[in-house]
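Notes follow the structure.
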Amino acid sequence: MAILAANWKMYKTIAEASAWCEAVQRSPWLDRAEVLVFPPLTALSALRRDGLRLGLGAQDVGWAEQGAFTGMVSAAQLRDAGCAYALVAHSERRRYACEDDRMAARKIAALWQAGLTPVYCVGEDASERDAGRGPRRLAQQVDTVLGELRGEMAGRLIIAYEPVWAIGSGSPATPAQACEAAGMIRERIAADCGAAALARIALLYGGSTSPASAAGFMAEPLIDGLLVGSASLDPASFLAMLEVMVHA
Ligand code: PGA
């Protein structure tokens, strides 16, 4: 089943989050895709109380189990709040909170331990792309994490290829570029963990996706779904993407 994920970033009050879910849950297509929402932490409990029928996720997770870690929220606490997923190492976390690949590995391990599915975000920035170092950067992001995890795929792993130059720019990568990156990521996983690990992987594209560009990505055989930022905030545009997806 295709995956459609809404990353709201630092947008929406609790009331706005509830109104969005009410609108989206009127869709007749919800059971035809794995539909996920990543609201701000403040809205998690309210959405669960409202009877959310979408997969609920957090935008980040602490790597430790518990303890004196002011400001962190653990994987078990996220599960307690109703989450089944969490984003790991989104490029905005890498940029503003200095997260790196090794920290991502610890977060993925913590999520698996608590029974949650990590959505690990990878992607090269504009200078890496321009210097022809995009593929090397991607391989490094995948290899470092899988190396830290000792090649053990202890749970399901969703990987989102989100080129930093495409996020929030209004110009997505082309479906062919996304497919090429997805192919490379799969090759690294097979090399690091064995081909059987590919059965536990799903690959998303993210970065300026919209209802207009969704069909092109979903036509690519190596792309299993989309991680959507700004076009997910309005329920109408998110639902338009869901409709494209279930008819792809
Ligand atoms: P965007 O964000 O769709 O607004 O480019 C995607 C993301 O950052 O996950």
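When all C-alpha to C-alpha distances in the range 125-231 are sorted into bins of 10 Å, what percent of pairs does each bin hold, rounded to whole numbers? P(r) for the range 125-231, in whole percents per bin: 15, 46, 32, 7, 0.
Coordinate range of the alpha-carbon atoms in the range 1-122 per principal axis, descending: 41, 29, 26 Å. Counting only Cβ charges, +1 for Lys and Arg and -1 for Asp and Glu, the dipole size of the chain around its Cα centre is about 320 debye. Think of a 1.4 Å ball rolled over the protein heavy atoms: the chain then has 45 Å² of accessible area per residue. For the chain, a Gaussian network of Cα nodes joined below 10 Å ranks Arg26, Arg137, Arg186 by mean-square fluctuation, and the top entry is Arg26. Ellipticity at 222 nm from helices only: DSSP H runs of n ≥ 4 in the chain, each -39500 (n - 2.57), divided by the residue count, give -12000 deg cm²/dmol. Each residue of the range 169-182 was assigned a 3J(HN,Hα) from its phi angle through the Karplus curve 6.51 cos²θ - 1.76 cosθ + 1.60 (θ = phi - 60°); the sequence is 8, x, 10, x, 4, 7, x, 5, 5, 5, 5, 5, 5, 4 Hz, with glycine and proline shown as x. Taking all Cα-Cα distances within the range 1-68, those exceeding 15 Å account for 54%. Placing R0 at 25 angstrom, the Cβ-Cβ distance between Met72 and Leu222 gives a FRET efficiency of 0.15 after rounding to 0.05. Each 10 Å bin from 0 upward holds the following percent of the Cα-Cα pairs of the range 144-206: 21, 48, 24, 7.
Using packing as a proxy for protection, rank 13-25, 204-216 so that the peptide with the highest average count of other Cβ atoms within 10 Å comes first.
On the way: 13-25: 16.4, 204-216: 21.5.
Packing order, densest peptide first, comes out as 204-216, 13-25.
Each part reduced to its alpha carbon centroid, the range 132-160 and the range 24-78 end up 24 Å apart.
Counting only protein heavy atoms and using a 1.4 Å probe, what share of the accessible area of the range 195-236 belongs to carbon plus sulfur, as a whole percent?
Working: 950 of 1520 Å².
Carbon with sulfur: 63 percent of the solvent-accessible area.
How large, in percent, is the carbon and sulfur part of the accessible surface of the range 50-159 at a probe radius of 1.4 Å? About 44 percent, which is the carbon plus sulfur part of the accessible surface. Using the empirical formula 2.2 N^0.38 Å as the baseline, the Cα radius of gyration of the range 66-108 reaches a ratio of 1.21.
If we sort 58-67, 36-45, 194-203, 104-113 on the protection proxy, mean other Cβ atoms within 10 Å, highest first, what's the order?
Working: 58-67: 17.4, 36-45: 20.2, 194-203: 14.5, 104-113: 22.2.
So the peptides 58-67, 36-45, 194-203, 104-113, ranked by packing, come out 104-113, 36-45, 58-67, 194-203.
The values are calculated or read from the model by the stated rules, or taken from the named source; none is laboratory data. Fair warning: this is a prediction, and the values are worked out from it, not measured in the lab. Virtual Cβ from ideal backbone geometry, glycine too; neighbours counted across all protein chains shown. Note: accessible area is taken over every heavy atom of the protein model, side chains too, but ligands, DNA and RNA are not part of it. Shrake-Rupley method; radii C 1.70, N 1.55, O 1.52, S 1.80 Å.
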